[in-house]
Structures are given as C-alpha cells and as structure tokens.
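Have a look at the structure below, then the notes.
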Amino acid sequence: MPAAASLLYLLAISAASLLLALLQGGERVQLVVPTRQGLVRGSTETTRGGRQYLAFYNLPFAKPPVGKLRFRSPQPPDSWLNIRDATVPGPVCPQNKVLGPDESEDCLYLNVFTPELKPAVPLPVMFFIHGGGWIGGTAKGYEAGYLLDHDVVLVTINYRIGVLGFLSTDDEVCPGNYGLKDQVAALKWVQQNIEEFGGDPGNVTIFGQSAGGASVNYHMLSPLSKGLFQKAISESGVASATWAVRRPGLDKARKVAALLGCPTEPNTALVECLRGVDAFNLTATLFHFIEWFFCPMSPFHPVIEKHHKDAFLSENILDLKPHSFIPWVVGVTKEEGALFTGGAAHGDELLYLFSKNPYISTSGELPAKDAQVVKTMTKLWTDFARTGNPTPNDAPVHWPRVTSDDELEFLDIGEKLEVKKGLSQKRIDFWNSLPF
C-alpha cells in the first residue's frame, strides 16, 4: 500500500478508536467501522428469527466507471475524510428499467451484513453474485434476514451489466468482460477490508444464482480470481456462452452498431442507443435457453468433471413452491424420466435463502413448511461456508460428495432430505444425444 494511503488508513483507525472512547455506551458506537478508504457508518437490522445484525450499504469497491473509465477495467476506489453514511442502499447499474428509476453508471458498490464486528473467531464470508442474464439485476433488494440467523458475514455486490458490462470488440479498443472484472475487484475489496466487519478473508465462499451462478463457475476457472475465495456454490446457473455482443475487430463492431441504427463510435450516445436493444435476443439460441431452464445439469457437466470428487450436488424439488417467478417452467410434467424439469423453477431457491429478493415475493409470513425449508437450506449453505461440508455432523442427513463417474450422487431437497443417484440422468442423456 502507498505510504499516503497507509497513513490515511491508520488515521481512520485512530479516529474510530477515539470515537469509541468518546461515545462509550452509545448504541451507535458499534456502527462506525474503518476501511482502507475511510470510516463508514452503518445501521442495525433484525433477522426473521429476531437476531440483530449490522448492515453497511453502498460501499465503493472501485472508482465510478464513467468518462474515460467507461469500457475499461475497474480501478481501485478513492478515499474520503469524513465518515461515510452507509445506511441507505446505493444505485442500480444501468439496465432496461425493470427495477425502477434509481439507475446510475456510478454503481460499483457493495453491501456488508454482519452479526458482530469483533467475534472471538473471524466469521466465514459469503459473497453473493446476483443473476439477471448479465443484462439485469442488482445487489439491492437481497436482504440478509435468513442467512444472518447464522454466524456468517454476507456481502452482496453490483457489477456492470448489459452493454456497459460485456460489450467487446475482441481487441484492445474494448476487450470486454468488465462485469466479471468488477466482481474480481469486489473480491479484492473483501480481502482488504472484511476483517474490520468480523469476517475471515481466508474463508470466503462465492455463491450466485442464474448468471451469478455462471459467474461463480467462471471464477473457478479464471486465474484473475485465484486466491480470492476458497469455496463456491452455483445456483441455477451454468458456465454457458456469454450473451455479450462479441465481434472481431472495431470495424465489424461499427458495422453492427450501424445495422442497429446506433452511433458507430464508443461514446455515451452509443451506450444509450444500445441500451434500447435487446442484445440477448440477438445472440442467444433456443438450444441454450432449453439447456439453462429445462435441463440445467447438461451444460454443467464439464464443470462437474473438472472438479470431480470435490463437489456436492443438489436438486431442488420443493413441491411447496407457491412463489415461482417462472411458473410456466414449473411442473410441466413430473413423470419419471420426463424431458422437462418438474418441481422447483429456475431461481426458486432465492425464496429460501433471502428474506427479500427482487424476483420472488416473500411478503408476509411464510407457510410453516416453507419456513422449515428456509432453516434447512440456510444451515446447509452456511455450514458449507464454515467448514467446506454442508453436513459436517451428518445431521439431518449426510450429503455425500460426488464419487461416481456416471450416476452422480446428489441431495434431493424438499420437505425431507434424501440422498439419490443419477441426477436428471434421462434428461441429460436425451439432450446430449441431439445433433447440436
């Protein structure tokens, strides 16, 4: 760390200590935390189980990616002198106006939720990457009211999406993958700062849903992410081809922009124009869609094979599912060996991991059976984050690692937990037999 930054960090810690001494006994004393960039002030919230925890929103992990930094890799965040207010969620990265008007290109912020700042033993860190097909989504709205009933620190992040996050010309002009590089920058911030929030930088579990789950798979393969996390959970996501508009050479990129009726130079006008284009539909295929939503294990197989005998697999049956956000995928058929997935839909696990999320309504009290699944799933996920084993004490059931080469072992998660073999095997065999 540069000398000036080191001095600023030491001054921030000293200021925090002085504040603690001056306000001994005050309820808000515990909410001021030093980071490498400066002091932050959070707030207290309460889990569904009645446990108080600390919430810190809108913490910058990179410089605003605007102006000359648009279509560039994320840069380390700037420091500040005053105490930063971290009690209110920050902006949403630009997208197709699905989540409201609070969008801004200045959106590289993360949130930290922790049960205590100075635990006797540093707590495992769970780093969540939101979904949305790399064209939508935000950290905003994923609440910690279930996971923070357990002793973990939760981090949720924004990252650039859509054209701003993934446009590429396949050369140095606009190499692309900025959204994934943003995720790496956020992981580096965790390494530098999470101890101050009670977290263990040597025990970080990345987990994500849909495009976030696919991002998890990419981080497992990327040398840029090496050493930034120790464990990974991929939910409803596969490492399939990115949808991003990728064309070799700037000349061809300009031709594409012209065909779409957009300006041909990389600038704000081009960004605004392309934001109105559904780039996903330009490049996605029906087959990829079927793979993702009807037979998600098929493209996931290469990842399983690479990490063979070091993985835990599950299939979420969860016939309770009253809140599915893609209801037409659910229950197409439940016949044994059917081609389409019965049971839970893509993303239904969010209902059981977060007390609120942008896609599935969790308003009001959950039915008793759903509430029990919440307790079961959050314990499995947090036990894995803590120990690397989702059932370290074999209770309520032992979830085995994958040991077979063909009929993969998995845990069937529903009203009860059952260990089975041959996860979606007939569907996988069918889709793999097609001449694609």
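The values are calculated or read from the model by the stated rules, or taken from the named source; none is laboratory data. This one's a predicted model, so the numbers in the text were calculated from it and none came from an experiment. Here Cβ is always computed from backbone atoms with ideal geometry, including for glycine, and neighbour counts include all displayed protein chains. Areas reflect the complete protein model, heavy atoms only, side chains present, ligands, DNA and RNA absent. Shrake-Rupley method; radii C 1.70, N 1.55, O 1.52, S 1.80 Å.
Structure summary
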read-out	value
Asp85, Asp348, ranked by accessible area, largest first (probe 1.4 Å)	Asp85, Asp348
Cys174-Asn82 FRET efficiency (beta carbon distance; Förster radius 41 Å; 0.05 resolution)	0.70
Spin-label pair Ala371/Gln230, simplified geometry with 7 Å Cα→Cβ offset, distance in nm	3.4 nm
The range 56-150 shape via C-alpha gyration tensor axes, a/c threshold 1.5	oblate
Across Lys118/Lys226; Lys181/Lys375; Lys181/Lys421; Lys140/Lys421; Lys181/Lys231, pairs whose alpha-carbon gap is larger than 30 Å	Lys181/Lys375; Lys181/Lys421; Lys140/Lys421
Cα-projected label distance for Asp406 with Ser222, points at 7 Å along beta-carbon direction, nm	3.7 nm
Over the range 75-210, volume per residue of the alpha carbon convex hull, in Å³	133 Å³
